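Chemist: Before I ask anything, here is the structure I am working with.
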Amino acid sequence: MEWLRILALRLLTIFRWRKLENDLDIELRSHVDALAEENMRRGMNEKEARQAAGREFGGVEQTKELYREQRGLPILETFLEDIRFGTRMLVKNPGFTIVAVLTLALGIGANAAIFSVVDAVLLRPLAYQDADRLVTILHRGYNPVAVANYIDWRDQSSSFEAMGAADYWSANLSGIDSPEHILGLQVTQSLLPLLGVEPLLGRLFVAGEDQKGAEHEVILSYGLWQRRFAGDSKVVGKVITLDGQPYTVLGVMPRTFKFAPFWATRAEMWVPNAFGDRIHSREGNSLRIFARLKRDVALSEARAEIATITARLEQKFPGTNRDVVVTPLKQNVVGQVKAPLLLLLGAVGFVLLIACANVAHMLLARSATRQKEMAVRTALGAPRKRVIRQLLTENLLLAAMGASAGLLLAGWGTPALVALSPASIPRVDTIRIDARVVLFLIAVTALTGVVFGLAPAMHASAVNLTDTLKDGGRGGSDGNRRNRLRSFLVASEFALALILLIGAGLMVRSFFALQSIDPGFNPHGVLSMAVSVAGTQESEPHRRAIFYRQLIERVRTLPAVEAAGGINHLPLAGDLWGWPFAIEGRGKPLPGESPMAVYRIVMPGYFETMRLAVLRGRDIAASDDPSAPGVVLINEKAAREYWPGENPLGKHITFDDDRRASPTWLTVIGIVRDAKQENWAEAPYPEVYLAALQNGGFLGEPESHASYITLVVRTKGNPATLSGSIKNTVWSFDRNLAISEVLTMDDVVAEANAEPRFEMALLGVFAGVALILAAVGIYGVMSYSVERRTQEIGIRISLGASRTDVLRLVVRQGMVLALAGSAAGIVGALLLSRLMTKLLYGVQPTDPLTFTGVAVLLTSVALAANYLPARRATRVDPIVALRCE
Amino acid sequence: MAETRGEVLQGTLDLIVLKTLEALGPLHGYGIAMRIQQVSADLLKLNQGTLYPALLRLEQRGWISSKWGVSDNNRKAKYYSLTRSGRKQLLAETENWERMAALMTRLLGRAEGA
């Protein structure tokens, strides 16, 4: 600790420097004076006495220097001195400083902003206890699981501390203000405790509460508690009404708690999951399985164990246990966005490199004019190391200023980024500029300062004393080494900019390819909203049919409404059910290989409203009611897939379990155009449309997640303006009907494309910045080169070179650099764009059009940036040029 | 750096200063220099300036403390005095020195005898 005290003591002297200097001066002076006095007493005259005193004392200034070294911290003092000096230099050249700082701020700010996103979304662990031991167990890594399989996996495995399951759920909250349809999850008792998050109020479910009959309990999210219960601290124990049933509030989760993190992300309440008689069912896959690995079990061991268990079960129950994958939970959450985010991080890295290159050749140019200063320093005995340190300190200062400005930029840019980011990016709500981001910033800054500063500093310090100090040093040809470095910098800038532009160009092409996809229906002018009957009198099956029909009829009579219809799940935005079916007259399929189709239930008028063409056969009519034979429409894909070379019209299919003796057969009455289903870029799967009025499940299911209809309305003019009158029409039936998901189909389509649009926009911005920086770079270098070659150009002109000759001379020099850089960039882009394959739609990563277009663009920009200094060169007056200097 | 008739090692100078302050009580730099010169009868002559970094070092280690005062001939001067831990250090250093000196004497004596 002794050394620490001394270090602190010496450090503190910095703040008392002036006083300590004064004290030292007094102390030493009085000593020398005393010596001189003594000498005079011995008979010397004053002059002799002083000289003798000086000899005895041994040099006051040297003593002071030794004393200072002992007193303070010489390294730190030199550093501070360098900073003082550097600041003076930067202040003396405001133009240089502003351009350099702005350039760096752009590069560093963009990096900080993107890093804050990458950090929050990708790097930070999920907000559960020991989140890296949490895994999901799902079919193919993302598909849900049947109840009996979950129970078998849970009971037969030993790799996990705990396993739990969650299922979609939602309910109408009524009894307070306007009713609201709230999304939630049904969870097994084991699920919430295995996440390791304590409730803010109350408690979690305990064992037994997920048995049938005891499920009327609910745990609220912080957001729901705040929004609907005004943060009432006595909410625990209260009874609330969900779907018309009483539920006791058991607890409230903390503000940061979110579950599930990758699917059903908007869940705001959790109720116990009572499996009831489903415990033997290996069909109707709907559970998401979550588990916590035991401390001493590796992921690979857990995978092996699950593989063994599922192989055994698959033998016993064929078709039920295929492709079961144990995945780290975090991968489920961030797997989709990892590639685009890393791409963006790489892109801003490139921008920073280009910024560094720009500042580096600004410094190089300046170092030429500072050569004499360096020579003087060296001549006065400064070692080269010391000169480099001085220059690096100046550069770090520059980088620090750039970083501060960049931090401001990031502070403004990050919230903008969050606001623009698509909903599909997880964890955006946790993005912020915090200590980690600032640490990253400091590291980048230090690196930046060294990267752009080291080469120029080495060059500047390597001066040839005699040449530089001789007066003619300036104006001659510039050092070859320096030229080569500068050329290299410009060429690399062009290479980097080209790579970025090609990345952005590919994204633009891909985006337009996405935009030109025909969804099969016409989204313009369509408004949709989910109307839930759960918990109201309309919930009863026979009333529900009447209500749905009357609602649509009444909406049709509204002014500005052209057509109206209804569907169970809205394409692109709603839920999606895949359902196996059987075709009449075909043999029993192997287990797990039944024909499958996306299962839609529609009210008459749906196809007309969506302008989804019925290509063959007929539409569902109002007359297709329970008294009429069952009907179904299929999409083109289903026709091709299941009736190749046959006419599907008139054929019969059934969705009933084959155990039933006389299944309900549905007749295929029409073929509908393929329409987008869940993902915008995905090709459609086979799809069926059943008549709502004939569907007992759709009309009778009491659960709230199945007891709603999505109203679709085609309007004249802006559909959003009609939402008020349509809502009022709904409520004219019953005030307790909950309305949610009020969306225009245009918004739905835009949201489906939000992620590629976001990536394209960001990459485009970065590429634009890169292009500007590269252009500024080549402009700066060429201007400088013209300035340095004024004399030479003057001679050429006086020897008869024409303006065109001079123009060609200068432009050629710049273009050689730009083209060499671009050529290298094309090679780099060919290698790197392959990494983007997964992000691209309808365009190859080596798309020749993009490559050509970008090369042409970059060449034109380089030409323009070269032309200006070249034109200046043609105006050189030979007389002036030869006379000056 | 110090031009001396007898080489002064750093540790030695520390010991001399501590001893001087023990013998004479609080003293300024000039006084210490004079005393060293007087005792060594000019055999050990150091650049008096080098005394000051040494004094600072001793002060930083907490062995001596300093206080501004006025010298006999009415000059503002810094007076140094031995602290308690300085006294302890002096004892330890003296012992150390004596052991070393005895060892050197024995070693050199034997070498001469051989």
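The values are calculated or read from the model by the stated rules, or taken from the named source; none is laboratory data. This structure is a prediction, so every number in the text was calculated from the model and none was measured. Because the Cβ atoms are built from the backbone with ideal geometry, glycine has one as well, and the counts that use them run over all protein chains shown.
Chemist: Can we say A:Val206 is more than 21 Å from A:Pro144 (Cβ to Cβ), among the aliphatic types (A, V, I, L, M) and touching a Phe, Trp or Tyr at 6+ places or on another chain (Cβ under 6 Å)?
Modeler: Here the answer is no, as A:Val206 does not meet what is asked.
Chemist: Scan the range A:296-323 for residues that are of a type in the set (Asp, Glu) and more than 16 Å from A:Ala146 (Cα to Cα) and report the count.
Modeler: Number of matching residues: 3.
Chemist: Something else: Go through the range A:63-116 and count every residue that is within 16 Å of A:Ala400 (Cα to Cα) and among the basic types (Lys, Arg).
Modeler: Final tally of qualifying residues: 2.
Chemist: I'd like the residue in the range B:1-16 that is away from chain A (no Cβ under 14 Å) and at pLDDT 60 or above and, out of all such residues, is nearest to the chain's Cα centre (by Cα).
Modeler: Step one: list which residues in the range B:1-16 are away from chain A (no Cβ under 14 Å), which gives B:6-7, B:9, B:11-12, B:15-16.
Now restrict to residues that are at pLDDT 60 or above: B:9, B:11-12, B:15-16.
Values: B:Leu9: 10, B:Gly11: 9, B:Thr12: 7, B:Leu15: 4, B:Ile16: 2 Å.
Checking each candidate, the answer is B:Ile16.
Chemist: So, in the range A:185-206, how many residues would count as being closer than 19 Å to A:Gly276 by Cβ and part of a loop (DSSP other than H, G, I, E, B)?
Modeler: The total comes to 4.
Chemist: On to the next question. Which numbered condition in (1) within 38 Å of the chain's Cα centre (by Cα); (2) within 14 Å of another protein chain (Cβ to nearest Cβ) is the only one that A:Glu65 fails?
Modeler: (1)
Chemist: When only residues in the range A:88-114 that are of a type in the set (Val, Ile, Thr) and surrounded by fewer than 15 Cβ atoms within 10 Å (Cβ to Cβ) count, which is nearest to A:Ala365 (Cα to Cα)?
Modeler: Per the criteria, the residue is A:Ile98.
Chemist: Hey, can you tell me all the residues within the range A:259-305 that are within 25 Å of A:Leu183 (Cβ to Cβ), among the aliphatic types (A, V, I, L, M) and assigned to a loop (DSSP other than H, G, I, E, B)?
Modeler: Selection gives A:Ala260, A:Ala264, A:Ala267, A:Ala274.
Chemist: Would you confirm, using the coordinates I've provided, whether A:Arg312 is surrounded by fewer than 21 Cβ atoms within 10 Å (Cβ to Cβ) and either in a strand (DSSP E or B) or in contact with a strand residue (DSSP E or B) (Cβ under 6 Å, 6 or more places away or on another chain) (or both)? Break it down into steps so the answer makes sense when it comes.
Modeler: Numbers: surrounded by fewer than 21 Cβ atoms within 10 Å (Cβ to Cβ): yes; either in a strand (DSSP E or B) or in contact with a strand residue (DSSP E or B) (Cβ under 6 Å, 6 or more places away or on another chain) (or both): no.
No.
Chemist: Could I ask something else about it? Would you check which residues across the range A:101-128 are within 17 Å of the chain's Cα centre (by Cα) and either in the same structural domain as A:Ile431 (by TED's automatic domain parsing) or not in a helix (DSSP H, G or I) (or both) and list them?
Modeler: A:Arg124, A:Pro125, A:Leu126
Chemist: Which condition from (1) touching a Leu at 6+ places or on another chain (Cβ under 9 Å); (2) away from every other protein chain (no Cβ under 12 Å) is the one that A:Arg10 breaks?
Modeler: (2)
Chemist: Out of A:Asp619, A:Asp658, which single residue is in contact with a strand residue (DSSP E or B) (Cβ under 9 Å, 6 or more places away or on another chain) and at pLDDT 90 or above?
Modeler: Exactly one residue qualifies, and that residue is A:Asp619.
Chemist: Further question: I want to confirm something. Restricting to the range A:156-181 and keeping residues that are among the aliphatic types (A, V, I, L, M) and under 17 Å from A:Ser539 (Cα atoms), which single residue is surrounded by the fewest Cβ atoms within 10 Å (Cβ to Cβ)? Step through it out loud before you land on a result.
Modeler: Residues of the range A:156-181 among the aliphatic types (A, V, I, L, M): A:162-163, A:165-166, A:171, A:173, A:176.
From the residues that got through so far, the ones that are under 17 Å from A:Ser539 (Cα atoms) too are A:171, A:173.
Details: A:Ala171: 28, A:Leu173: 25.
Among those residues, the one meeting the criterion is A:Leu173.
Chemist: Filter the range A:362-414 for residues that are touching a residue at least 40 places away in the same chain (Cβ under 8 Å), outside any helix (DSSP H, G or I) and of a type in the set (A, V, I, L, M) and give the result.
Modeler: Passing the criteria: none in range.
Chemist: Can you report the number of residues in the range B:37-88 which are surrounded by 21 or more Cβ atoms within 10 Å (Cβ to Cβ), of a type in the set (A, V, I, L, M, F, W, C) and more than 10 Å from chain A (Cβ to nearest Cβ)?
Modeler: 4
Chemist: Those residues that are part of a loop (DSSP other than H, G, I, E, B), touching a strand residue (DSSP E or B) at 6+ places or on another chain (Cβ under 7 Å) and either hydrophobic (A, V, I, L, M, F, W, C) or crowded, with 24+ Cβ neighbours inside 10 Å (or both), I need them from the range A:683-706; list them, please. Show your work before the answer.
Modeler: Of all residues in the range A:683-706, those part of a loop (DSSP other than H, G, I, E, B) come to A:683-686, A:695, A:701-703.
Among the residues that remain, those that are also touching a strand residue (DSSP E or B) at 6+ places or on another chain (Cβ under 7 Å) are: A:684-686, A:695.
Within the range A:683-706, no residue meets the criteria.
Chemist: On to the next question. Of the conditions (1) within 14 Å of chain B (Cβ to nearest Cβ); (2) over 18 Å from A:Leu392 (Cα atoms); (3) not basic (Lys, Arg), A:Pro74 satisfies every one except a single condition; which number is it?
Modeler: The failed condition is (2).
Chemist: Condition first: of a type in the set (A, V, I, L, M, F, W, C) and surrounded by 19 or more Cβ atoms within 10 Å (Cβ to Cβ). Now tell me which residues in the range A:418-433 satisfy that.
Modeler: A:Ile425, A:Ile431, A:Ile433
Chemist: Right, next: Return the residues of the range A:120-145 that are buried (at least 19 other Cβ atoms within 10 Å of the Cβ), within 30 Å of A:Ala410 (Cα to Cα) and not aliphatic (A, V, I, L, M); say none if nothing qualifies.
Modeler: A:Tyr128
Chemist: Something else now. Name the pairs: first residue in the range A:762-791 and in contact (Cβ under 8 Å) with a residue 24 or more places away in the chain, second residue buried (at least 19 other Cβ atoms within 10 Å of the Cβ) and among the aromatic types (Phe, Trp, Tyr), Cβ to Cβ under 6 Å, at least 6 apart or on different chains?
Modeler: Short answer, once both residue conditions are applied: A:Ala774/A:Phe494.
Chemist: Of A:Arg255, A:Arg282, A:Arg266, A:Arg288, which residue is in contact (Cβ under 8 Å) with a residue 12 or more places away in the chain and under 19 Å from A:Ala162 (Cβ atoms)?
Modeler: Exactly one residue qualifies, and that residue is A:Arg288.
Residue-by-condition table, conditions (1) part of a strand (DSSP E or B); (2) farther than 15 Å from A:Ala691 by Cα; (3) of a type in the set (Val, Ile, Thr); (4) more than 37 Å from the chain's Cα centre (by Cα):
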site	(1), (2), (3), (4)
A:Leu570	no, yes, no, no
A:Leu590	no, yes, no, yes
A:Val598	yes, no, yes, no
A:Glu608	no, no, no, yes
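Chemist: Within the range A:509-526, identify whether any single residue is under 27 Å from A:Ala881 (Cα atoms) and either part of a helix (DSSP H, G or I) or modelled with pLDDT of 75 or more (or both), and answer yes or no. Steps first, please.
Modeler: Keep residues of the range A:509-526 that are under 27 Å from A:Ala881 (Cα atoms), which gives none.
Taking every residue of the range A:509-526 in turn, none turns out to be under 27 Å from A:Ala881 (Cα atoms) and either part of a helix (DSSP H, G or I) or modelled with pLDDT of 75 or more (or both).
Chemist: Can you tell me which of (1) in contact with a helix residue (DSSP H, G or I) (Cβ under 6 Å, 6 or more places away or on another chain); (2) not in a helix (DSSP H, G or I) is the one A:Met44 doesn't meet?
Modeler: Here A:Met44 meets the rest and fails (1).
Chemist: Could you grab me the full set of residues in the range A:517-541 that are without any contact (Cβ under 8 Å) to a residue 60 or more places away in the chain and exposed (fewer than 15 other Cβ atoms within 10 Å of the Cβ)?
Modeler: A:Asp518
Chemist: Residue check: is A:Val769 crowded, with 17+ Cβ neighbours inside 10 Å, in a helix (DSSP H, G or I) and assigned by TED's automatic domain parsing to the domain that holds A:Ser424?
Modeler: It is true that A:Val769 is crowded, with 17+ Cβ neighbours inside 10 Å, in a helix (DSSP H, G or I) and assigned by TED's automatic domain parsing to the domain that holds A:Ser424.
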